[in-house]
Amino acid sequence: MATSPVVNVNPAALAALAARDQRTRCSYVGLLLAAAWVISLFSIVGATLGCLAGSLVERVGAHRAATGRLAFAAARGPRRVS
């Protein structure tokens, strides 16, 4: 049992490893929170733009909005993907 690597461990080194592990865990939690915030921003922006587009379509009418969008796409021409 004297050859076990746990027997020869320095307690200060163990404390340093535990502190580093705690910092890593906190950084992962921070990264997860930041990612959740970005994803929620996509939802908020999508809902806001959807409400604005719906208001515009209600104002001009569904037929005119669809015709205008098709005319815009035709005038712009084909998309070139590089």
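The values are calculated or read from the model by the stated rules, or taken from the named source; none is laboratory data. The structure displayed is predicted, hence computed values, not measured ones. Cβ atoms come from the backbone with ideal geometry, glycine included; neighbour counts cover every protein chain shown.
Some observations on this one:
- Near pairs, Cβ below 8 angstrom, 6+ apart or cross-chain, from segment 68-81 (more than 17 Å from ALA53 (Cα to Cα)) to any residue that is at pLDDT 85 or above and not aromatic (Phe, Trp, Tyr): none
- Within segment 4-46, the only residue that satisfies the criterion of being in a loop (DSSP other than H, G, I, E, B) and modelled with pLDDT of 70 or more is ASN10.
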